[in-house]
Amino acid sequence: MRGDQLARQWQLIQHLARSRAGAGLDDLAAELGCVRRTVYRDLDALMYAGFPVTSEKRDGKVYYRFLDSFELGQVPFTPDELLALAFSEDLLGTLEGTVFHDSIRGALTKIRAGLGPELSSYLERLSDGFRVLPGPHKRYEAFRETIRSLNVAVLESRKVEMRYRTGRTGEESSRQIDPYKVWYHAGALYVIGFDHRSGEIRTFSIDRIQALEPTEEAFVVPENFDFDAYTASSFGVVADPAVPVHIRFSADWATYVEERQWHGSQTAERLQDGRLDLRMEVGATQELANWILSFGGGAEVLEPASLREEVLAALKAAIANYS
């Protein structure tokens with residue numbers, strides 16, 4: 001079944017669920033933006049799927065509705081929320097191997113069990129029509145216990161001792177941290193907290209934790225710590241002071257960049273020749289430089305100068321590899 005048919009039939013389910021007195025064929029056709037014959041086919045499809053659609057004639061006009069005893073499941077979800085269940089398990093793919101994945105899947109299984117056979121069957125059909133494919137992400141099967149221990153430490157405000165390997169140098173070090181929050185971002189899991197070794201709030205990649213041991217020592221999250229404010233200047237996960245960033249994209253990349261939200265502070269301006277100027281207030285980190293480099297010759301850093309030089313040096317190094 002095509003996606004447009006499923007979407008239209010889902011709209012029909014919502015309309016019938018709201019129309020306790022019933023809805024006429026012409027009204028349904030106008031609501032769905034189709035002809036009467038299409039509505040007939042969709043009604044037949046719903047009845048075949050097990051939905052208790054009934055009809056009655058009043059004043060020479062036929063009205064369609066669900067039986068009075070029928071409800072959209074035994075849980076207080078809206079139709080749109082139920083629709084989200086049809087492809088929500090696809091979204092779990094990036095968390096496979098974690099306690100989050102297992103717990104959410106268990107919750108979804110219980111929710112589906114409470115929907116009744118009609119909706120459960122129809123949701124399975126919807127799942128075949130709507131897909132969400134996760135992008136690149138890390139695998140966390142080997143870090144299940146680390147994640148579980150961090151979750152408990154965050155909830156109970158307990159300090160942890162950990163052995164951590166840095167990504168750039170591979171150096172390992174022992175640290176004690178106060179874990180404030182576990183954070184999922186761009187296909188990876190991180191823990192943000194106060195690092196007693198550096199005396200700063202730091203962000204650590206969970207898959208680089210070599211060993212972790214919870215302690216009995218409690219901590220208090222400072223009242224002035226605001227997660228949203230802490231991450232506001234980050235283009236990725238590294239929190240650096242925000243600076244004005246100005247990038248010019250070629251006409252080939254302009255539409256792609258313009259259609260997406262890269263950062264909350266961004267503004268975009270299309271130039272007369274088709275190129276695009278993107279401005280943001282973000283930290284000029286290696287993550288930002290790597291993102292710019294992913295566009296190859298399609299992106300030019302105009303400011304800040306330090307970021308321009310960093311990207312230029314990386315491009316020269318890349319050229320040297322092909323010399």
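Every number in this text was worked out from the coordinates using simple rules, so none of it is lab data. For clarity, every value in this text was computed on a predicted model and none was experimentally measured. For neighbour counting, all protein chains shown are included, and Cβ atoms are generated from backbone atoms with ideal geometry for every residue, glycine included.
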Q) Once you list every other residue whose beta carbon is under 10 Å from the beta carbon of residue 178, what net charge do they have if Lys and Arg are +1 and Asp and Glu are -1? A) 0
Q) Extent of segment 141-225 along each principal axis, from alpha carbon coordinates, in Å, largest to smallest? A) 32, 26, 26
Q: Over the residues of segment 3-66, compute the C-alpha Rg and express it relative to 2.2 N^0.38 Å.
A: 1.01
Q. Amide H of residue 282: which non-local residues (sequence gap of 5 or more, or other chain) have their own amide H closer than 5 Å, using H built in the peptide plane?
A. 243, 245
Q. Plugging the Kirkwood radius over Cα pairs into Stokes-Einstein for the chain, at a temperature of 20 °C and a viscosity of 1.002 mPa s, what D comes out in µm²/s?
A. 88
Q. Roughly speaking, what is the stretch gain from residue 44 to residue 240, that is 0.36 nm per residue apart minus the C-alpha to C-alpha distance, in nm to one decimal?
A. 64.7 nm
Q: Please give the contour-minus-distance gain from residue 305 to residue 230: 0.36 nm per residue of separation, less the Cα-Cα distance, rounded to one decimal in nm.
A: 24.5 nm
Q: Could you work out the local net charge near residue 310, counting Lys and Arg as +1, Asp and Glu as -1, over the other residues with Cβ closer than 15 Å to its Cβ?
A: -2
Q. To the nearest 0.05, how large is the calculated FRET efficiency for residue 181 and residue 18 if R₀ is 45 Å and r is the Cβ-Cβ distance?
A. 0.70
(Q) Starting from the 7 Å offset along Cα-to-Cβ, what nm value, one decimal, do you get for the label separation of residue 169 and residue 216? (A) 3.5
Q: Tell me which residues come under 5 Å, amide H to amide H, from residue 183 once H is placed; ignore anything under 5 positions away on its chain.
A: 190, 191, 192
Q.
Where in the chain is the longest stretch that carries no trypsin sites (Lys or Arg not before Pro) classed as loop by DSSP and with at most 16 other Cβ atoms within 10 Å?
A. 21-130
